[in-house]
Amino acid sequence: MVERVLLLCLLLIGFWGVVAKKNIIKKIFGLNILNAAAVMLFILEGNRIGTEAPILESGLAQVVDPIPQALMLTAIVIGVCVTALALALAVHLYQITGSFDIDTIRERVKDEA
Amino acid sequence: MGKRKAWGTILQASLAIGAMGAVLLPIFLCQTPWPTVARDYLVEHGQHESGAINLVSAIYLGYRAFDTLGETIVLLVAVIGTMGLLSRVESMVNAVGDDDNTIQTVSAFSLRGEKRSSHVLRTHLLEVVTGKIGPIVLLFGFYVMLYGHLSPGGGFQGGVIIASGIVFLALGNQQDNTSALSKSSILGGIESVSFLLFIIVAISGIFFGKGFFGNPLADSAYPVGFIVLLNSIIGLKVGASIGFMCIAMMGGHD
Amino acid sequence: MRPEDIVFATVMLPLLGASLAFCAKILPKGRIAGVVEYAGALVGLGLPPLVLILLFPVVFSGQSVSGVVGQWFVGVGITFRFDALAWLVNMLGYTIGAAAWVYSLGAGPKGPAFTGVFLIQTAALSATIMTTDLFNLFVCLEIMGITSYVLIPTSRKPGATLASFSYLMVSASAMVFFLLGTYGFYRLTGALSYEGISSGLQAISSSDTMLSIVSLALLVSAIAIRVAVMPLYGWLPDAHALAPHAVSAVLSGVLIKTPLFALSRILYLFPFGMEVGELMGIAGGLTAIVGVVIALSQEDAKRLLAYHSISQIGYVVAAWGMAISLGVDTPAGTSLMVAAFLHAFYHALFKGLLFLSVGTTVDMAKERNVYVLRDGIGKLRDAGEKIPVTFIGFVVGALAISAIPPLNGFVSKTAITYAMKGSLSYYLLSMAAVGTVASFIKLSRIYWPTRKRGSLHLETGVSLGTGSNPQSKAHGLVARLTAQSALAVLCIAGGLAAPHILTIVGTLLSRGGTNSAVPPTLYSTDNLLKTGATTLGGILLFFIATSKIGSRVLHTIRNRPRSFQGLFVSFSLGTAFLVAFLVVGKFL
């Protein structure tokens, strides 16, 4: 129970970072925290029905649910890819406008376009 | 005015966080016991059907390999997009003619009279250590990649280790004579070809009557061969893409 | 070869084409690389329509091809379903995709990397509509998303990079919530396939109902971001207006509709699907009218079109939502679904045509402002167009979107309003139609001849390096004109052959003929009178809008405050509202 409440807090901190922070790099950090919280929740809860890793070395042990782990593997890789692209976009925006602040970027882009 | 605006921002953000937090409460507080149907099925039949002891590998390269294809596509597109954007950034820097960006430095670590055009952080210490570790890391990466069906690991994990090996080799290049593995043309080639191979393997099941993404070796003595093959292809592809991207972000791409 | 093997050709052929294009990228530049790239495009965009034709008899007889990818166990593997809906959406995607790619040959962006990413996007569309697995849907949506984030900034405008960044942030955050929704359903039922989940949801205890409501709301709002329904449309205008023209055509023609039809598969099966449909139908009606009002106020030609995409998707969502809330097995629901799909398809055709023709004109004139740009035909003639194909394309598209009789827009809009007569959305959509006419009269001014030599100030500071504008006259002219004339012909043909198309789509979507759709009577006096009244109202509205008070109001609307944060605030509040609506409907 406590750990799940903490995960909710983590998720909301990440969401706060995305919504309220002005610096676009911090926004990207926030997105990663958000993603990590969702992944951790999935893995944590999936591990409640067993004690062993899902590798069948010693017969039919009480293994955890392998599906969340396989799904989260995909979700993590996708998260990393999106982050890489977001960082590249941020670098490009910095090159165009000379700022990492979202409001300044908006203004300068509007001036140019 | 500025202060008022800042308060408005915080108020709006709090509203958003509050709404989302309230919505998410049932998701995080749910006490329902976790379902065991799929786990029980996999423990009983998973090893027999896919040949892999590692059930996670069995799922993401067997039962749900189509997701994995999507995942590699996302990686591929992200790499292409990142490279496109970064190369544009570089061309802009060059167009401005801003020579200060490349630091022609004489750092404390360089030998007397040595000409270095590389970055200030590239020291002899770093070059020697990473140059020696690089091959070992590569070897470990191939181990993780090839034994993914038996132990924790697999194509993605192994691929990322291979990528760090490539980055080490690129960092350890003394005097900037880049080794073949850190050349973007070669890494790009490995990436494109392994993507093509992945698709061919995915289609191959059709010709063995197993359907799209079916295991063509399902009836043979070694059904696990399919997973090993996919692990190797994915490992090469991920290693090449991420290594490529890291080298580009370090500013070493041509 | 069984049909199960063939249906995945619609996904795999574009991917194969994309991998060929990427191989062309590593080949030394030259003739061989070019041949390999074009071969890839041919494999990816040319062969799938043939496969679809091959599959037509299967879906036309009311059957559907479904199963598990790779014949694995159904409880773990990925299930898919290729039915009439998937066939129709595939057809839509490949028609627009092929036209847009041909156009991009003439007007850029070019190169094997663009072709490859473009083909991957097409494959993702096809996979999205076929899958019936929640996590696979997540992956497909992410592929669609990441290809758009990459394709939008290829126009090399600073604003496009910012638009792509905003879209990335809001849609990537929404996808995390989608993942949490998936978690909720997996936790309740232990299944990921739609059918497994819906049968598992029959047996849950009442204390878990709340979790299922929240999970559904998270899925729906994450998809609604992609569809750009009413409160969640903020990312769309910049992205669509600043992307390269070919990409704009695909983004607003296909990309915002595919998730909608994929969502209908979920809502058919899950509990509370009907209520969600009801709410989204109303949101769609509001979207239609708000979108058109903002569109009328715009001065950037492409941005005006982008807001029209929002407005028109509002039509589709209104009909779609009402179809789901009525139940798709009823005749009324089926007719609404037919109308919704038909409008989605026809909108893709005429909006693609408009984006390409207006895009060409503003490129040639180097001016995007509707109030400044005049004599578009002259500009096009200077650029080497002997017959003003682009202008004709614009006229066809503008008449179609304004629902003038023989064209396709008239057919689909009439079908929608016919099927929903008397409801709230009916009045909203009728008002939106008036606004559409007015704003296209406004847009058509870019082709009016000049009275005096207008000040021609160039776009400043926009083109970085080599822009996408073709500079030489004849360069790429053939490719651009081919794409535009093909779409124009399809628009006209879609209007003329309307009765046949309505019958075919009706048969396809009525799931085996038990609940056949009611084909609307198109050319009744009633409908023609309504069209006439709408057109007159539109002309009147245009004059009001150009008057002094009108233009001041529009100026206020145009300069309304818009912020990056607003996207997230509207997303959170929209999701909370959806949950509240479902909870109130359930417990009160």
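Taking amide H as placed 1.01 Å from N in the peptide plane, residue B:150 has its amide H under 5 Å from the amide H of B:54, each at least 5 places away in sequence or on another chain.
Under the Kirkwood approximation for Rh and a Cα-based Rg, what ratio Rg/Rh is obtained for the stretch A:14-113? Please report the intermediate quantities before stating the final value.
Working: Rg = 19.7 Å, Rh = 16.0 Å.
With Rh from the inverse mean 1/r over Cα pairs, Rg/Rh is 1.23.
Axis of helix A:2-20 versus longest Cα principal axis of chain A: the two differ by about 20°, to the nearest ten degrees. Could you tell me which trypsin sites (Lys or Arg not before Pro) in the stretch C:340-411 are loop residues by DSSP with no more than 10 other beta carbons within 10 angstrom of their beta carbon? Counting only loop positions with at most 10 other Cβ atoms within 10 Å, the trypsin sites (Lys or Arg not before Pro) in the stretch C:340-411 are C:386. In this simple spin-label approximation, residue B:208 and residue C:555 carry label points 7 Å from Cα along the Cα→Cβ vector, and these lie 7.2 nm apart.
Per residue, how much accessible area does chain C have with a 1.4 Å probe, in Å²?
Numbers: 19080 Å² over 588 residues.
Roughly 32 Å² per residue, with all protein chains present.
For the residues of C:167-178, the average number of beta carbons from a partner chain within 10 Å of their own beta carbon is 6. Proximity of backbone amide H atoms, modeled 1.01 Å from N, is registered between residue C:370 and C:300, C:301 at under 5 Å, excluding neighbours fewer than 5 places apart on the same chain.
Taking the Cα centre of each part, how many Å lie between the stretch B:54-73 and the stretch B:200-254? One Cα centre to the other: 10 Å. Averaged over the residues of peptide C:135-148, the number of Cβ atoms from other protein chains lying within 10 Å of each residue's Cβ is 6. Rounded, prolate or oblate: which fits the stretch C:87-150, taking a ≥ b ≥ c as square roots of the Cα gyration tensor eigenvalues, rounded meaning a/c under 1.5, else prolate when a/b beats b/c? Oblate shape, in that a/c is at least 1.5 and b/c is the bigger or equal ratio. When peptides B:127-140, B:41-54, A:93-106 are ranked by their average number of other Cβ atoms within 10 Å per residue, the highest-first order is B:41-54, A:93-106, B:127-140.
Other residues lying with their Cβ under 9 Å from the Cβ of residue C:447 contribute a combined charge of +1, Lys and Arg counting +1, Asp and Glu -1. Excluding ligands, DNA and RNA and using a 1.4 Å probe, chains A and B jointly bury around 4200 Å² of accessible surface, summed across both partners.
Lys and Arg at +1, Asp and Glu at -1: add these up for the other residues within a Cβ distance under 12 Å of residue C:487 and post the number.
Working: positive: C:351, C:480; negative: none.
Surrounding charge for residue C:487 is +2.
Highest mean packing first, where packing is the average number of other Cβ atoms within 10 Å per residue, the peptides C:24-31, C:423-430, C:340-347 line up as C:340-347, C:423-430, C:24-31.
Report the calculated FRET efficiency for residue C:392 and residue C:539 (r = Cβ-Cβ distance, R0 = 25 Å), to the nearest 0.05. Efficiency, rounded to the nearest 0.05: 0.70. In this simple spin-label model, placing a label point 7 Å from the Cα along the Cα-to-Cβ direction at both residue B:140 and residue C:528 gives a separation of 8.1 nm. Chain B contacts chain C over a buried accessible area of about 5400 Å², both sides summed; the probe is 1.4 Å and only protein chains count.
Summed over both chains, the accessible area lost when C and A associate is about 3500 Å², using a 1.4 Å probe.
Report, in listed order, any pair from C:302/C:548; C:25/C:157; A:110/B:5; B:237/C:157; C:157/C:351; A:110/C:302 with a Cα-Cα distance greater than 27 Å.
Numbers: C:302/C:548 24 Å; C:25/C:157 24 Å; A:110/B:5 20 Å; B:237/C:157 32 Å; C:157/C:351 22 Å; A:110/C:302 16 Å.
From C:302/C:548; C:25/C:157; A:110/B:5; B:237/C:157; C:157/C:351; A:110/C:302, over 27 Å: B:237/C:157.
Across the alpha-carbon atoms of the stretch C:182-294, the computed radius of gyration and Dmax are 16.4, 51 angstrom.
Applying 1/(1 + (r/R0)^6) with R0 = 35 Å to the Cβ-Cβ distance of residue A:9 and residue C:584 gives a FRET efficiency near 0.80. May I ask you to find the residues of the stretch C:4-25 that are shielded by at least 40 Å² of accessible area once the whole protein assembly is considered instead of their isolated chain (probe 1.4 Å)? The answer is C:5, C:8, C:12, C:15, C:16, C:19, C:22, C:23 - residues whose exposure falls by at least 40 Å² when every protein chain is included.
Over its Cα atoms, what ratio of radius of gyration to 2.2 N^0.38 Å does the protein assembly as shown give?
Values: Rg = 27.5 Å, N = 955, 2.2 N^0.38 = 29.8 Å.
Its radius of gyration relative to the 2.2 N^0.38 Å reference: 0.92.
Expressed as an acute angle from 0 to 90° and rounded to the nearest 10, what is the orientation of the C-alpha long axis of helix A:24-46 relative to the principal long axis of chain A? That helix lies at roughly 10 degrees to the long axis.
Quick one: pull the percentage of alpha-carbon pairs in chain C with a separation above 36 Å. More than 36 Å apart: 31 percent of the Cα pairs in chain C.
Rounded if a/c is under 1.5, else prolate if a/b is larger than b/c, else oblate: which is the stretch C:323-426, with a ≥ b ≥ c the root eigenvalues of its Cα gyration tensor? Here the stretch C:323-426 falls in the prolate category. Take each residue in A:23-34, count the other chain C-beta atoms within 10 Å of its C-beta, and the mean is 2. What percentage of the solvent-accessible surface of the stretch A:2-79, computed with a 1.4 Å probe over protein heavy atoms, is contributed by carbon and sulfur atoms? So the carbon and sulfur contribution to the accessible surface is 67 percent.
The values are calculated or read from the model by the stated rules, or taken from the named source; none is laboratory data. Keep in mind that this is a model prediction, so the values were computed, not measured. When we count neighbours, we look across all protein chains shown, and the Cβ atoms used for this are built from the backbone with ideal geometry, even at glycine. Just so you know, the surface numbers come from the protein's heavy atoms only, side chains and all, with ligands and any DNA or RNA stripped out. Shrake-Rupley method; radii C 1.70, N 1.55, O 1.52, S 1.80 Å.
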